[in-house]
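The structure under discussion appears below in the form of C-alpha cells.
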Amino acid sequence: MATIRPGLKTVLLVVDVQVGVMAECWDAARVVANIAHAVDRARAQGVPVVWVQHESEDLPRGSAKWQWVPELVPREGEPRVDKRFNSGFEDSTLERVLADLGATHLVLAGAETNWCIRATAYGALERGYDLTLVSDAHTATPIEIEPGRPLDIARIVEDLNLGMTWLRYPGRKNRTACAAELDFAALG
C-alpha cells in the first residue's frame, strides 16, 4: 500500500505543454487557454506551480520544439522538472520537488492525455497523493491504430476524466474539475 501523505498542501503540475508536443494536439488553443487559466488561478491563490518538461530524441533539450508554448511561461523560482519517460515521477526529481514543497494534493494539466498525463496521474495516486485532473486542460495528438482507423482524442480525454472520477484508492481522493471551477483553497 502507498504511503498516504498527510496534510493539505496543493500543487499544480503542468506537464509537457511544449511547442513540439502541442503542435498537432486536438483542440490545443482551448486546452492551452484553460491551462493558462489554471496557472493564473494557482498563482493568485499562492499555490506552487511545478513545470514538468519532456526531453527525447524528438524533443531535444534547448530546441524550439522543446520550449514551453508562448502562452505559458514559468516564473522565476517556480520549480522545473526534466523527464524522459511518460510518468513525471520516473527517473526524475519530481518526488523530491514535491516533498520540498510539502505537497499532498496534485492538480494535473497538460499533454499527452493517453501517455504522460495518464502515467503521471496513476503515478501520483500510487505514491499516495490526492489528485485532481483538470478535465478540460489536457489533450493529445491524433494517432491512427492502423491506416484509416484514428483514435478519437475527445474520447481519450473523456475516458481519463471518467477514470479519475470513478477510480478509488484507499486513503486517497481523486476527482476532476474544469479550469473555470478551480478553487485551490477548496481542493485541499
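So if I take the centroid of the Cα atoms in region 2-22 and the same for region 24-96, what is the distance between those two points in Å?
That distance is 9 Å.
With a/c under 1.5 counting as rounded, go ahead and sort region 27-126 into rounded, prolate or oblate using the C-alpha gyration tensor (a ≥ b ≥ c being the square roots of the eigenvalues; past the cut-off, prolate if a/b is larger than b/c, else oblate). Intermediate values should be presented prior to the final figure.
Numbers: a/c = 1.33, a/b = 1.04, b/c = 1.27.
The shape class here is rounded.
Among Gly128, Ala111, Gly88, which residue has its Cα furthest toward the positive end of the charge dipole of region 87-188, with +1 on Lys/Arg Cβ and -1 on Asp/Glu Cβ?
Gly128
Give, as ranges by residue number, the residues of region 46-60 whose backbone N falls under 17 Å from the point 7 Å along Cα→Cβ of Arg75.
46-52
Through the Karplus equation 6.51 cos²θ - 1.76 cosθ + 1.60, θ set to phi - 60°, convert the phi angles of region 125-135 into ³J(HN,Hα) values in whole Hz; use x for Gly and Pro.
Along region 125-135, the couplings run 5, 5, 9, x, 8, 6, 9, 10, 8, 6, 4 Hz.
Let me make sure I get this right: for region 87-188, a, b and c are the square roots of the gyration tensor eigenvalues over alpha carbons, sorted descending. Under 1.5 in a/c it's rounded, otherwise prolate if a/b > b/c, else oblate. Which is it? Mind dumping the intermediate values first?
Working: a/c = 2.09, a/b = 1.56, b/c = 1.34.
Cα axes put region 87-188 in the prolate bin.
³J(HN,Hα) across region 19-36 via Karplus (A = 6.51, B = -1.76, C = 1.60, θ = phi - 60°), whole Hz, x for Gly/Pro?
Values per residue, Gly and Pro as x: 3, x, 7, 7, 3, 10, 5, 4, 6, 4, 4, 5, 5, 4, 4, 5, 5, 4 Hz.
Could you tell me whether region 10-187 comes out rounded, prolate or oblate from its Cα gyration tensor? Rule is a ≥ b ≥ c as square roots of the eigenvalues, rounded for a/c under 1.5, then prolate if a/b exceeds b/c, otherwise oblate. Present the calculation step by step, with values, prior to reporting the outcome.
On the way: a/c = 1.41, a/b = 1.16, b/c = 1.21.
Since a/c stays below 1.5, the shape of region 10-187 is classed as rounded.
Sorted by packing (mean other beta-carbon atoms within 10 Å per residue), highest first, where do 135-148, 70-83 land?
135-148, 70-83
Stretch Ala23-Phe85 to full length: gain in nm at 0.36 nm per residue minus the Cα-Cα span?
On the way: separation 62, 0.36 × 62 = 22.32 nm, distance 1.97 nm.
Between Ala23 and Phe85, full extension yields an extra 20.4 nm.
Given R₀ = 45 Å, FRET efficiency for Glu95-Arg149 by Cβ-Cβ distance, to 0.05? Each step should come with its number before you reach the end.
Details: r = 38 Å, r/R0 = 0.84.
The pair Glu95/Arg149 has a calculated efficiency of 0.75.
Take every DSSP beta bridge with both residues inside region 10-187 and express the antiparallel ones as a percent of the total, to the nearest 5.
Numbers: 3 of 27 bridges.
Once the DSSP bridges in region 10-187 are tallied, antiparallel ones form about 10 percent.
Below 8 Å between Cα atoms, with a sequence gap of 6+, how large is the relative contact order for region 1-71 in percent? Before the final figure, lay out each step's value.
Numbers: 66 pairs, mean separation 34.2, N = 71.
Normalised by residue count, the contact order of region 1-71 is 48 percent.
Every number in this text was worked out from the coordinates using simple rules, so none of it is lab data. Note that the coordinates shown come from a computational prediction; the quantities given were computed from them, not determined experimentally. Positions of Cβ are generated from backbone atoms using ideal geometry, with glycine treated the same way; all protein chains shown enter the neighbour counts.
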